[in-house]
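Reviewing the structure listed below.
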Amino acid sequence: MEPVYTPVIWIARGLFAAQGLKFTITGAENIPTSGGAVLMSNHLSYFDFAYAGLAAVPSRRLVRFMAKDDVFRHKISGPLMRGMHHIPVDRTAGAASFREAVNALKAGEIVGVFPEATISRSFELKAFKSGAVRMAQAAAVPVLPMIIWGSQRVWTKGHPKRLGRTNVPITLSIGEPIVARREDDADDINLQLRKRMTDLLHAAQEAYPAVPTDELKYLPARLGGSAPTLEQATALDEEEALRRGARPGSAA
């Protein structure tokens, strides 16, 4: 039991219950009960950090997520993030956060990473950064592919948050671990992970309950939704990055 993380989990689960969120977790047995691992997930919602950690609860593990350092500077979220020993990421200088994550992995922690770096507006998998795989190689730990589906219906980029009792189903699906050896090519491992996560995502989408017609904006165009295509979403991300003076998705 941890003095900050454990109470936060119980409070969060109470809030999720009040919202009527219905979680379905498959593949929880793939989360190791001990030892380090990189938990690699897609990114659909501003609350994915809170939801993704639930996948490790059956194994009695806590996930140390890598998150942009802005969150750690906030007067409310900052103390909580530090108290839960999450890992801040400075996108302009990621070497320090990379080292901190590798040290945590070597110490037996599970480190959570969103390799797309930013929320996917298309709700499809974006290009993956290689940092997660390189961390696993450096620490000699496996990578756990995971997908989230449904979280975009609560609060995602470009749409208002829905924090009332929405009764939204949310799927968490964890695949079998992939070993990333030091001698392996990180890009090749990334391709394997992307294929595994694509299969998990499509399976979760097929099993997911039909969404109301007024929520088609939360479905990818591939499934008949009105969300932008991956190409359109990429263009929107690039425009936003230019406005902010940063490279799109510039994270490990």
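The values are calculated or read from the model by the stated rules, or taken from the named source; none is laboratory data. Please read all numbers here as calculations on a predicted model, not as lab measurements. All Cβ positions, even for glycine, are placed from backbone atoms using ideal geometry, and neighbour counts span all protein chains on display. Ligands, DNA and RNA are excluded from the accessible area calculation, which covers all protein heavy atoms including side chains. Shrake-Rupley method; radii C 1.70, N 1.55, O 1.52, S 1.80 Å.
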Inspect segment 243-251 for any residue being out of contact with any Gly (no Cβ under 9 Å at 6 or more places or on another chain), surrounded by 13 or more Cβ atoms within 10 Å (Cβ to Cβ), in contact (Cβ under 8 Å) with a residue 12 or more places away in the chain and closer than 22 Å to S97 by Cβ and give the result as yes or no. yes
Name the one entry in I178, I147 that is at pLDDT 95 or above and closer than 21 Å to F98 by Cα. I178
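Name every residue in segment 1-28 that is in a helix (DSSP H, G or I), without any contact (Cβ under 8 Å) to a residue 60 or more places away in the chain and more than 24 Å from S120 (Cα to Cα), in order of residue number.
Of everything in segment 1-28, those that are in a helix (DSSP H, G or I), without any contact (Cβ under 8 Å) to a residue 60 or more places away in the chain and more than 24 Å from S120 (Cα to Cα) turn out to be T6, P7, I9, W10, I11, R13, G14, L15, A17.
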Output the number of residues of segment 42-74 satisfying the condition of being of a type outside the set (G, A, S), open to solvent by 10 Å² or more (accessible area, probe 1.4 Å) and in contact (Cβ under 8 Å) with a residue 12 or more places away in the chain. 16
Flagged pairs (Cβ under 9 angstrom, 6 or more apart or on separate chains; first in segment 76-90, touching a residue at least 40 places away in the same chain (Cβ under 8 Å); second part of a strand (DSSP E or B)) are M84/R64; M84/F65; H85/R64; V89/M66; V89/A67; V89/K68
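Report yes if V89 is at negative phi and modelled with pLDDT under 95, otherwise no.
Answer is yes for this residue.
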Considering (1) under 13 Å from the mean Cα position of the chain (by Cα); (2) free of Cβ contacts under 8 Å to residues at least 40 places away in the same chain; (3) under 19 Å from I178 (Cβ atoms), say which one V102 fails and leave the rest. (1)
Would you confirm whether or not segment 202-221 contains a residue that is among the small types (G, A, S), within 26 Å of G131 (Cβ to Cβ) and crowded, with 17+ Cβ neighbours inside 10 Å? yes
Here's a check for you: in segment 1-41, which residue that is surrounded by 12 or more Cβ atoms within 10 Å (Cβ to Cβ) and hydroxyl-bearing (S, T, Y) is nearest to I148 (Cα to Cα)? S41
